[in-house]
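The block underneath contains the structure these notes are about, expressed in C-alpha cells.
Nothing in this text is a laboratory measurement; each read-out follows from the coordinates by a stated rule. Fair warning: this is a prediction, and the values are worked out from it, not measured in the lab. In this analysis, Cβ positions are derived from the backbone assuming ideal geometry, glycine residues included, and neighbour counts consider all displayed protein chains.
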Amino acid sequence: MKRWGKFGTLKERGEWVELQFMAAAASRGYHVLKPWGDSLPYDVAIDQSGNLMRVQVKSSSVRNGTGYFCQFRRNALAKHPYTVDEVDLFAAYIIPEDTWYLIPAVVILKPTRKVGLTVYPVTALKQDRYKYEHYREAWGLLAKTRRDLARRGKSR
C-alpha cells in the first residue's frame, strides 16, 4: 500500500501532510508553531525572531501529464478564498515524489488568483511549464519577512 493511501479521509491525509511539513521545517532549524483548532486560515506558523510566517499546507498526488496538479483553495464548502492578509506562504507537498514547493501567497493570489497550478518535479513536456520550479524545496523562504515575500511575488 502507498504510504499516503492509509488514510480514510482527505482530512486525515491533510493532518499527516501538516506533520510532514512541521518535521521538515524543524529539521532545518525553524521554530514551528501549530495553532490549536481549525479556525485560522493557516495551518502552521514559523517564528523567526518574532517574525511570524503564516503557512497554509497543501498536498497533491494527482498526476497531470508529467506534472502534479495542486489546488490552492480552502475546501469545497468554503465560500471565501484565501487572501494575502491571511496567508504568507503556501507549502505544497507532492506526495509520490516526496517533494515540497514553498510558494509565496502573493504569487498564487495576485494579481490574478490561481485556484490551482501544475508543478513538474519529474520532467516537463514543454520548457514553458517550469514557471514554479524555482520554488521547489525553497526552504530559505521561511526565513524571509512578509514584506520580502510580497516583493518577491511582484518581481516574478
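The modelled label-to-label distance for the pair A150/V32, using points 7 Å beyond Cα in the direction of Cβ, is 2.8 nm.
Suppose R0 equals 30 Å. What FRET efficiency, 1/(1 + (r/R0)^6) with r the Cβ-Cβ distance, do L19 and K114 give to the nearest 0.05? Mind dumping the intermediate values first?
Details: r = 26 Å, r/R0 = 0.87.
It comes out at approximately 0.70.
The three principal axes of the Cα atoms in the chain give end-to-end lengths of 41, 38, 35 Å, sorted in falling order.
Taking the Cα centre of the chain as origin and assigning +1 to Lys and Arg Cβ atoms and -1 to Asp and Glu Cβ atoms, the resulting dipole is close to 540 debye. Potential lengthening of the chain between R74 and S61 amounts to 2.9 nm, from the contour at 0.36 nm per residue minus the alpha-carbon distance.
Normalising the average separation of contacting C-alpha pairs (under 8 angstrom, six or more residues apart) by the number of residues puts the relative contact order of the chain at 19 percent.
Which entries of K58/K114; K6/K34; K79/K131; K11/K34; K110/K131; K79/K144 show an alpha-carbon separation above 19 angstrom in the structure shown? Working shown, then result.
Details: K58/K114 14 Å; K6/K34 23 Å; K79/K131 29 Å; K11/K34 16 Å; K110/K131 15 Å; K79/K144 30 Å.
Long pairs (Cα-Cα over 19 Å): K6/K34; K79/K131; K79/K144.
Take the Cβ-Cβ distance between E86 and Y130 as r, set R0 to 41 Å, and report the resulting FRET efficiency rounded to the nearest 0.05.
On the way: r = 28 Å, r/R0 = 0.69.
After rounding to 0.05, the efficiency reads 0.90.
Would you order D148, D38 from fewest to most other beta-carbon atoms within 10 Å of each residue's own beta-carbon? Don't jump to the answer; show the numbers that get you there.
Values: D148 15, D38 8.
Listed from fewest to most nearby Cβ atoms, that is D38, D148.
Each of S27, S60 has some number of other Cβ atoms within 10 Å of its Cβ, and from fewest to most they run S27, S60.
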